[in-house]
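Colleague: Below is one structure. I have some questions about it.
The values are calculated or read from the model by the stated rules, or taken from the named source; none is laboratory data. If you're wondering where the values come from, they're calculated on a predicted model, not measured in any experiment. What goes into the accessible areas is simple: the full protein's heavy atoms, side chains included, and nothing from ligands, DNA or RNA. Shrake-Rupley method; radii C 1.70, N 1.55, O 1.52, S 1.80 Å.
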Amino acid sequence: MGGCFSDTKGGKEAVGVGPGRPESAEAAYASAASNDAVDFFLRSHGAHGLYSQVELSISASKLRNLDILSKSDPMVVIYIKRRDEILEEIGRTEVIMNTLNPVWITKLTIMYQFEIVQLLVFRVYDVDTKYHNIPVKMLKLNEQDFIGEAHCALSEIVTKNSRSLTLPLHDQNGPGGMKNSGSVTVYAEETVSSRTVVQMTLRCSDLTNKDIFSKSDPFLRISKIVENGGLVPICKTEVVDNNLNPAWKPVVLTMQQLGSKDNPLIIECFDFNSNGKHELIGKLQKSVVDLEKLHEERTGVHLFSPSTNGQDHQKTLKSQLFVDSFLEKTRYSFLDYISSGFELNFMVAIDFTASNGNPRSPDSLHYIDSYGRLNAYQQAINEVGEVIQFYDSDRRFPAWGFGGRPIDGPISHCFNLNGSVSDCEVEGVAGIMSAYASALRNISLAGPTLFGQVINKAAQIATQSLSYNWNKYFVLLIITDGVITDLQETKDALVRASDLPLSILIVGVGGADFTEMKILDADNGQRLESSTGRIATRDIVQFVPMRDVQGGQISIVQSLLEELPGQFLSYMQSRDIKPRFAADTAQTSEIQSH
């Protein structure tokens, strides 16, 4: 089977398995939660309209092959064309290895607005093998080979009876360019408003061995059958190496993925091959209701091998699929918490190291222009703060500086920005801006760049809140121009803070090398490890280079909220903290039962 799935590590990781995995909870939550958060922000700022949230599934066929000794490793990048003709990226699929007919699992969610023509652009790239271990969102597109692109309006897709549209690929100059680049097919489905998720642990026994010198490396692919009879893959498990009796990590599927518990699913078991030509071991068709029954009865079901002579007959295999655990539960959204009184409490820390340049010089990142043009720090404070303060009711923000020398004092790596000895809070974003401007007149830039003390200070505030209030979640914004010199101490502080209701957003300003910030972000799937060997409970850092943030308020909001809501939700789930309406309902039910 060519055209199965990759993303990192040569395609051995799971895709689309949902928030049941501790190691991927933040990413799974963020895909849905960020849309909730952006929608909440826009609606609260007067952006109303008749709209519906739809999910796009993408496949391609007969792609132009750009590799010599193998086939292309394609990925799709999806853009929406704004009114000013600028393309705004809305998402990327995973990379699929060695195929010209890929079917991607990663779905892209977009708000369909009936009154607006929403022009979409789909660009297909061949990702070079040396980049396969890099998360797709970190891939530089100018380093990949361009296969082709297609354009359409979202309304063209959703108005089709089949809700799918096949588009020929062409070059970036339009349809009159290169020929035979293949085509992409886009399937649109309205999202299901349901909090119900199904978590299952699946295993197989007595799988047929497809390898000669070792045992098969099996994984499962689960697809749903849609109205037009086609298959839409919804997830794949991780690969279990060298095992004919594999047990996979729990799979969590939403009602959006399933459609309904009665909807038929096709479950296929493949032997993984590093060249992307995975070999089918066996398959079966069952609904979630059927799988739940298998769990209750503690029985397995045999896999089938498709006929090789083109007939309908299927061979029953000795191999069986078992459902070792089955749990139906409620997954709450970011909005469920925010609308029931949970808050994001904003904190900020600003870099006062000498590498920023003399504040009196126009070349300095700290230079305050007399004509009112904002410097890089002011832009970050204004644009990021304007979003996060929206979720903070009292809008009193702790604000610190680090790496500077107060008048007649030693260098400090965590000083109150307002100059107060005892009170670190300021009033609103305007208060941060005023305290920042005042501090530049009273603080000498020094160094080095140390994050540890401000992270520990934020963690202290988050810890204190746990004793009296469970509905607060803290967000520390660190704005810096360069490389930290206490990397291990910062890792230690972040690992300790990963148990707290705290996320840390690092905004890089200027043109420095921010490689170490990306290490702290842990977007490569490897959680931070402390000097004592402790692994972070969860990823709590998001790094955003200011130079990479596109212009326009919506782009900044989407960039900011990419991981934050998922981090918020992963913390609430890990502590079994429910939104107030759910907690009140549970408490009422408990009282009534007594």
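Colleague: For the stretch 474-542, what does the convex hull of the Cα positions come to per residue, in cubic angstrom?
Modeller: Working: hull volume 5.1 nm³, N = 69.
Hull volume over Cα atoms, normalised by residue count, gives 74 Å³.
Colleague: Quick one: length gained pulling Leu231 to Val289 fully straight, 0.36 nm per residue minus the C-alpha distance?
Modeller: Details: separation 58, 0.36 × 58 = 20.88 nm, distance 1.89 nm.
Extra length available between Leu231 and Val289 comes to 19.0 nm.
Colleague: Leu417's amide H: which non-local residues (gap 5+, or another chain) put their own amide H closer than 5 Å, with H modeled 1.01 Å from N in plane and none for Pro or chain starts?
Modeller: Residues meeting the criterion, in which the H sits 1.01 Å from N, are Ala399, Trp400, Gly401.
Colleague: Expressed as a whole number of Å, what is the distance separating the alpha-carbon centroids of the stretch 217-283 and the stretch 291-365?
Modeller: 15
Colleague: Can I ask one more? If ligands, DNA and RNA are left out, what is the accessible area of Trp470 with a 1.4 Å probe, given in Å² to the nearest 10?
Modeller: Answer for Trp470: close to 130 Å² accessible.
Colleague: A further question on this structure: For the stretch 362-450, treating each Cα as an identical point scatterer without solvent, what Debye log10 I(q)/I(0) comes out at q = 0.12, 0.14, 0.19 1/Å?
Modeller: For the stretch 362-450 at q = 0.12, 0.14, 0.19 Å⁻¹, log10 I(q)/I(0) is -0.38, -0.51, -0.93.
Colleague: Okay, moving on. What share of all Cα pairs of the stretch 148-239, in percent, falls into each consecutive 10 Å distance bin?
Modeller: Once binned at 10 Å, the Cα pair distances of the stretch 148-239 give 12, 27, 26, 23, 12, 1.
Colleague: Largest first, what is the accessible-area ranking of Arg123, Arg83 with a 1.4 Å probe?
Modeller: Order by accessible area, largest first: Arg83, Arg123.
Colleague: In square nanometres, what is the average projected area of the Cα convex hull of the stretch 195-341?
Modeller: Averaged projected hull area, Cα only: 11.1 nm².
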